[in-house]
Each structure stands twice: as C-alpha cells, then as structure tokens.
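The values are calculated or read from the model by the stated rules, or taken from the named source; none is laboratory data. Remember, it's a predicted structure, so these values are computed and weren't measured experimentally. A quick note on method: Cβ atoms are made from the backbone with ideal geometry, for glycine too, and the neighbour counts reach across all protein chains shown.
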Amino acid sequence: MTSPSVSSLPPASRSSALGDWLGALLAWALVALLCYMALDPPRALEADASGQRFSAARAGAVIQNLMGDLGPHPSGSPEASLVADRIREHLEWLGYIPKEQQTLAAGPSGTVAEVRNVMARRSGTEQGPVILCVAHYDSVWAGPGVADDMAGVATLLETARAVIEGPRGRLPVVFLFTDAEEDGLVGAAGFSQHPLMEDVGVVLNLEARGGSGPSYMFETGYGNRWWMEQYGAAVKTPTANSLSAEIYARMPNDTDFSIFRDAGLPGFNFAFIEDFDVYHTPLDDLSRLSPDSLQHHGDQMLALVQRLSNLTELPDRFGREKGVFFSVAGGLLVRYGQVFAFWAALSALIVALLGVRRAELHGASTWSQVGRGCLWLVVMLIAPAVLGTLVQSVLQGARGQAPLWRVTAAGAHCITAGVLGLTWLSVLRVPGQRSCMKAGNPEHRIASLSRLARMSGCAAMMIAVAVVGPEAHGAPGVGRGTGVQAHDDAHSHRPHSAAGHPGLASFSSPRAARNTSAGRFSFVVVADTQANGAKTSLNGRDDISLVGAQIVSDIRRLRDAPGLVIFPGDLVGVGNLKTFRDWDQATRIFSRGHPITKGDRRLMVPGNHDLPGRAATNGDWQKEFSWLPDSQEVPDITTVDPDDTIKGIDQMDYYYDIKVNRNDLRFISVTTDRDYLEGERHKPGVPSRYGGGVLGGQPTAIDWFQSVMALDSTKNKDHVFVMTHHPITSSPFDNLGHNGNPPGGTAGEWWKSIAGTNRDLDSIAAAALFTGHMHMYQPSRPDPHSDTSEVIIGTGGGNSEGVRHRRVFGFMEVTVQGPNVSTRFYGDANGRDRLGRYRFTDILDEYIIAADGGLPQGELALYQFTRHKKQEDSSKSILSKGHELNFHGGAKVVRDRQRGDVLELTGNGFVDAKALGDNNLSVLRDLTIELAAKARSLDQDQSTINNVLVAFGDADAALTTGGGVNTQHPNDEMGNYAYILSYAADGHLRLAWEYFDDPTIKAKPQMVTVRSTAPVDDPRAWHDIRVERDAETMRVRFAVDGEQLGEPVAFERLPTGAGAGSLYLGASADGGAGAGNFAGSIDAVRISSAEVSVQ
C-alpha cells in the first residue's frame, strides 16, 4: 500500500503539512539569527581602560612599536631578529627577565633551521604546572604579518602586562614567542626539547587567518570536557563549537599548537579568520586589523590565564572524556559530555525504531518512508548552508566588510538551525500526528504514519552521525568563516576541503601548511676562506675578513639549516695551531648538532695553505680538528693479495655517511696536499703515493680512495660526494706553483676513479667533486663520458683569481631530494656597500648535479636580435639562464632588408654572453647549433680557425689574474673549447673542439676539427645553417637551408674540460690576434644539448 501525497490529502492534512514546513523555517531563522548575533566580537577597549583589563588600543600600540617601519620579517632575516630584540626589550620594560632559546631544530615536516625563541615567566605563589601562552613572531615573505601573528604577539604582551598589574596567581605562567612557525613549526619543535617543556600543564595558542571576525576557539587537546568547563566558566564571550574541532582534527593543517597537542598536552587554540583576503599578503598590515578581533583575542586569553593560574591543580595531560559544546547568543556555552551524548543517541534510536514499528503495524510503506526521511535530513543539511551563505553575504556586504562573492557564511550554524528545525518538525508535531490517528480517519492516519516514518529516518541519520563522530552531532557549527571560499590563497597556506560536510567545503584553519621539503637534505660548500700571509679571512685582522665572517653569518640565514658545512681546503693563510684555532672559533656556530647529522657539522680537507711544507702541520690539523673522522681501514683493491687492507691519514682521508629519510649519502674526503715521510714537501695536485708525514709510512691516498669507491657500501649509496682541494681541470700543467705527480686532468687516474670511468676498477661514479684552490666559482661536467660534476667553489675570501666573470665571493647550497641534486650559489649581486660590507643573500646561479631520469636535454639558448632593446636569451627552456649579450668592438644590431633586425659584425667586433651561470652552455656530448649567417668577406688565412660564427670556450691567456698574460694557469683544461663553428676560407663549414688526453706534466689540449665535405654555395648570401654533433655515432652532420651539406663526417674524440669558457658570437675569444673574428651578419642563434634541435 502506498501513502498518498500531500496534495491528495484532505484540507486538514495539507494544512498540517504546511504548518510543519513553516514551523521548521521559523525555527531555522530564529536559531540562525541567534547564532549570528553570538559571532560578533566585543567592542575594543581604549587605552585608558583599567590596567587589570585587556585593551585592544594598548595592544595596537605594541604592534606599532614592534613593527616600526618593518615589513615582512621571515625567520632568519635581520628583520625577524630585530622583532625578537624588540619583544625582549618590551618584556624587560614590563618588568620581566626574558630568556632566549637559540637552537637547531627540525619541524614535523622535515624542515631544519636555527631558531630563536623568546620567553618570560611570571612565577606563581606555589609550585605547579605551567600555563604556557604561545604566539609566533615570524611572518611569511609575502607580507608584514600584522594579523598573522603580530596580533598574537601583542596580545601576549598586553596580557603579560595585565597579569603583572593583577594579583599573583597560584600557578606560574610562561609567555613564549616562537620563531619559524611559517617554515614548518620549527620554533615550537625546538621548544619541545627545552627542559621547561616537562613542566607545562596547558597551552594557550594564538593565530590568525584573516584580519577580522571573532576569535574562535577552534581546537582543543585530547579529553577536553574538563577543560571546556574551565573555558565556559572563565570567558564571557565564548565562540567555540566541537564540530569545528572535529573537522579541524581531520585536516592536514598545523599551528604551533600541534606540537604541544601531539605531545599529549591539553590546551586551547584561538584564531580570527574573516577578511581572508589579507592573509599572507602585503595587505596584512595594521590598517586591516580589526581592533574588536584583537580585543576578543585578549579577553579570552587573559580570562583563561587568570582562571587557570588560580586553580589549586590541573588534571593529568590526558583527559578521559571528550566534550560536546557550542556557543549561542548571550555568552552562553552549552556543553555536555560524551557519555550523555551516547545515551541520548541510544534513546533516540529506540524512539525511532518504535516509530518505524508502529507505522509498519498500521500498513504504511515504512521503509520507503524511512529512506525519504534520510533524504530529507540531507536536504535540511545542505539547504540551510546555501541559504545561510546568501543571507550572510548580504549582511556582511551591507556592512562593507568584503565583496559579496568573497564573503564566507556561517554554514555550520545554518546546518544547526536546519537540524533544530527538523527536530521541531519531528518532535513537537508528534502530538498532532497522534491526535490525527486517534480521530479514526484512515486517510489522516496513513498520512500521519507516513510523516512519522520520514521523521524516524531523519532520526536514524542523526543517530548515525552521533555514533560515527561523537563530538559533532550536537554542535552548532564553526562560525562565520566556514562557507565556500571563492578566493584562492596564492601562498603557502591553502584551504583544505572538509569532505562529507556540505556547506563546509573550504573550512580553512590558520595552521601552517605542511612543508613540501620533507625528504630534503641540504649542505653548504665553500673553500679558500684564507686571506694573505698568516691571517685568516675569518679572524677579523684585515679588511677581507668581512668576506668570511659575512659568509658564516649568511649561511645561518638559509631557509633550511644545512646538515653539513663542507670546506674543501685552504681554511687559513698559513697553517699552524694558532690559525687553526682562530678558524675553529670563527666557524664554531656550525659545531652545533643537527637533528640529522648530529655532532659537529663541519667537514674539511686540508689545502696547500693549511699544510705549508712542515710535517708538524699534520699534527696541528689533527689536534685542532679532532672531531673529524679517523681514516677507515678498507680492503686494498690495488694489490694482488685479497687480505691486504689500506688506510689513509686520520682527519684527512675519511668517509662520512648520512641517511636522511630515503636518501643514503656518502661524503669522501681525500687530501691532495701531503708531506713525505722525511718531511720533504710533496708537490700537490694529486693524492700522494708516499707516506703521511708525522704518522709515517701511510699508504697512498689515491689507492685508499679507489678502494673506498669499490666498496659495496659505496656502490649502494644513493649519492656519493668527494671533496679535495685541487681541481682536476686546472692542476695537470706547468707553472701552477705545485709541480709534481700530475693527475692528468680528466685523462688521469685520479679523475677516472672519481668519475667511474676507470675500466680497471669495479667502482661507481661520484655525483660531484667539490674543490677549491682556484679563487672563483665554476661548476662543470668536464668529462663527456661521465655525469660527474667538478665544482670549484674557492669563493670564501681568498684573493679573487681565475676567469674574470667567475671571480666572486659567496657559498653554494646543495640540496638532495631523492634522486635529484641541485645547487644554488649565493653571492652579493651589488658588491660591497659604501661601508665595505657584503651580503651574500642573492642567488647568482643554479646548477643541476643529478636529476631523476637523467640530466635534462634540449634547448639551452636562443638569441634573436631587436634594435633598441637588451639582447637577451629568449629561450623558454628551464635550462636557460636568460643571459644578456655583451657587445664589443663594432658589433651592433641593424636592420636587414631580408631578415629584419640582425647582428652585424665588422670583423673586429664580437658578442659574448659572459655570466656566472653560463656553464650550462658548455656542451660536450650531443650538440645542435642553428643560426642564420651572411658573410661580407672570409679571412683567407688557412693556418688558424677564423671566420668564427659561434664558440664556447676561452683562450688559455684569459685565465689570468691580471696583466693580460697567463703565467699561472697556461694550457688549462678548464678553458678548452667545447665547440667552435666557423667558415673556412673556401666556404666549407667547420666544427672544432678541444680535448685533453695526456697525463704528462706539460701536456696541452688537442684540437679536433671536422670539416664539411661540401662548401656552402655563396657564403655572402643569407643561409640557415644547422650543425649536429652526435656523440653516439661519433658523426657530425651539416645542413644548409634545410638540405644536408655533403656527407656526415666521423670523429674519434669528444671534448673535455671547457668549464671556464663563455659563449661567443663572431669570435672565439675576447678579440685580438687569434680570435678569428667574423665579418658579416648573424641572426637567430640557437644552442641545444641534443643532436636533434628543438623545433
């Protein structure tokens, strides 16, 4: 039997149904209005308010004093340090004795940083658990952070003032101002290791995710019923509900409170979240902060501090029962326990089952009606939230608070109103249904039973909610900040969706978003911190000390505190025990343990200045730097006896392992500066095959290194990094100042052991070799047969030398994340200021050491010429650095009738793209060069490479410290040419490059020249030229105007070195004799690291 519809019922029944609907709507409107009225924060008090009360005006003045003219003050910045200083000064002015905690800490997301927490204590009349009040003083980079969280800081300081002016409580109160919350709760994590943490009994935390609105108590700790009783008794204008706490607990956001909550501490977390568009933006300034919201912050904080500090005792950290609570108009906080909620739900279930049974006995289609009742509840949940959003938008828009489409509604309160309306419909109208049934009218009886069945379904749904989420079923919601957000947060804290709660789709908390750096490990590399003579650049005895000291300071400012700081030699000017101690003291800040690496974070290898020819220096090194590892004894693979072992020199030849998340890393130190056993100075440049100074009779370091590289434990590492002092590509040649056993550059045994290309060894390739000695910055992959990088990072303070545009000071940060290894070089883009100071905070270069799936290939540079504009690389590739071209001689951009704007070269002019990061244009394997060219004339000299169109490399004479003559590094492999594309005198195209393949001391690079088998038809006309070097087939292919030019030409050797070069157009070097200048026009130059060009 089916139940009749409402339209088929008698007039009395239709009137009753209409009354039901009107009653539900009236109930919803009434409760919604009451909830809305409950959400208005109290009015702000002026500065002349009683000293024992909280005043938003006084707190606002505190914000002004703390901020001054400061803007963003992220953790680690000078501005953040200044804010911390001002907090400390304000606490002293109030009469407190502030203390600081400076420590290295790791947040729950894996972010590691050095933090500075400031705290002050108000002792109680008795000993007991501490009431801990928390706010963070750092901001994001994007905005000044007045609401988030200088408002919280000022609230604590004004509360601290009011606490002093009032009577002393029984229990102590500590005010904690944390650092690095925005970086992943690092400051709070650091405090969790403080001895005071053991005394904490309850935590009160302040946050913000907007600039206005009531201060919601949106999160509590575990077992919160007793604590909510205290909250309700203390606070006059509570704004809290357990539904928000339940939703928030299931979201992936965090605040500092999370650290304490996860430690089992109870507490309260407050935030105002309206006017969301200011959050983490430059708009977050004092003009957008609501004084009323600040007042509500302070009223609740002060009231709780006063009540809790006067209790005779606090319960255990872990409470036993959860509470159900919600606030309504008039300052009322309704609260009851989980036990009561359970019995109420059980009673409702029994009533619902009885209703279904009664309807079934009277012949109604009960189960279909129960299903309709469930659907009815869903409608009543969604519809009020949508309607509430519209009403809320109109109300707040009329008040001028925000554009209508960006206003959030009191969705949870509207849901509550709908549920209460449904309850009214289901319960208050039951007597009417009973009267209809008693009247005996069968139609009335059937209609009543049908409605009763629907009501029973609704009740069943509510009971299910109660059983699944015992805190959620009776709560009136989370307040005005819970509707659908139309505004997308462009910064690190993004709203998360509360799945399964219609109308709450973007409830967002003020917690810090999970840091995506989890699994990431970083370390810093810088060499040659020495200055001249016996001084060190760190001990403050000469002007260059500004370099080393500032580098140490700026390393500390990195977002992620480095797990290691690596110094590849020449720590001091002249090594002895005193200079070593000076250096140790100057870098002592890095001796503090890191959560991952533990212990001292400094790893060093000596350089030639550290071991100045005296055997005793070895002992001085080992004595002062005793924390460095001893050399490990390993099986010697260089002998025929399988039982032979080998060991290097302690504190010089060693390896150091780190396992961070899923990254297993090994760092290997090998010294290239040795004394002979007899005390005679070993000529550096390669690890010695002789004894080890005062230790006597130690085996060779290179044999030890090869044996370490062959270990299974090394082969199983995710990444291996090697550090030594002398670069491979600048050490095999005469006049270096360190003549002796030559390593032979990339052709020598030393490099082949590092790069894994030594066919006689069963070993692997290192990810990178970090060196110094040359006072410049230069990353490169000098060997076409290996992805191993050699990174010269001698930028710590020694007199600048080497390639001119690489003569910089600074340091390199290396980041390891899974298979990816990348670097950033930090320097000073502007040089010294007028006081002679440096700031090494500018990222001057980024370089990829290793990448998942192999190193990236593709377009590297694209130069298209336009008059009256800067001539910059217009490539869109992620590999491109966008270097600007520098014009020399008669080079200029002119208008060509055929091609438009082109580069014109008169025969003595040229263009270069010199920049610190131009190393990415050094291509040693697959290469494609594309350009358009028109020669005006061709140099007929056949003895040299002339008529150069494109080149990457440098003449050896360019690697000089001055005077135009290279007396220090002649024939250096660093300056090899990776490619030179030119016209021959007879119109053939030529591609040339250099390689090194001779380990003797005075070897010079060898030149490979590949010439097209056919000439270009009329080079004096415009031609589109394309040249491909295929490293797999060892062939070069030439094409002109889309047609192959002759046959592919074979070659036998790929280029090596070429790390110090630069890109040239129209010449092969900086002009002058032998530069091979081109006379003509060039257009649309594209360089690609692949044999197939980018289309």
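Consider segment 843-852 and keep the residues that are out of contact with any Lys or Arg (no Cβ under 6 Å at 6 or more places or on another chain) and surrounded by 13 or more Cβ atoms within 10 Å (Cβ to Cβ). The one that is farthest from Asp787 (Cα to Cα) is Leu844. For segment 64-83, a tally of residues being surrounded by fewer than 21 Cβ atoms within 10 Å (Cβ to Cβ) and among the aliphatic types (A, V, I, L, M) returns 2. For segment 628-644, the tally of residues that are at pLDDT 90 or above and more than 22 Å from His725 (Cα to Cα) stands at 3. Pairs meeting the criteria (first residue in segment 836-848 and free of Cβ contacts under 8 Å to residues at least 60 places away in the same chain, second residue assigned to a strand (DSSP E or B) and of a type in the set (Lys, Arg), beta carbons under 6 Å, at least 6 apart or on different chains) are Ile843/Arg824. Across segment 327-358, which residue is modelled with the lowest pLDDT among those that are of a type in the set (A, V, I, L, M, F, W, C), part of a strand (DSSP E or B) and touching a helix residue (DSSP H, G or I) at 6+ places or on another chain (Cβ under 7 Å)? The extreme case among them is Val328.
Among the residues of segment 48-94, those identified as over 14 Å from His136 (Cα atoms) and among the hydroxyl-bearing types (Ser, Thr, Tyr) are Ser50, Ser55, Ser77.
Of the residues making up segment 266-325, those that are among the acidic types (Asp, Glu), part of a loop (DSSP other than H, G, I, E, B) and within 32 Å of the chain's Cα centre (by Cα) number 3. Per the listing Val923, Val965, Val911, the residue uniquely in a loop (DSSP other than H, G, I, E, B) and at pLDDT 80 or above is Val923. Residues in segment 80-134 that are under 33 Å from the mean Cα position of the chain (by Cα) and of a type in the set (D, E, K, R): Asp85, Arg86, Arg88, Glu89, Lys99, Glu100, Glu114, Arg116.
For the residues Val791, Val814, Val821, the requirement of being at pLDDT 85 or above, in a strand (DSSP E or B) and either touching a His at 6+ places or on another chain (Cβ under 7 Å) or of a type in the set (Ser, Thr, Tyr) (or both) singles out Val821. Of the residues making up segment 263-289, just one is surrounded by fewer than 19 Cβ atoms within 10 Å (Cβ to Cβ) and on the phi > 0 side of the Ramachandran plot, namely Gly264. Checked against (1) farther than 30 Å from Asp48 by Cβ; (2) out of contact with any Lys or Arg (no Cβ under 7 Å at 6 or more places or on another chain), Arg225 passes all but condition (2). A count restricted to segment 522-545 and to residues that are at pLDDT below 85 and either closer than 22 Å to Arg824 by Cβ or in a loop (DSSP other than H, G, I, E, B) (or both) stands at 13.
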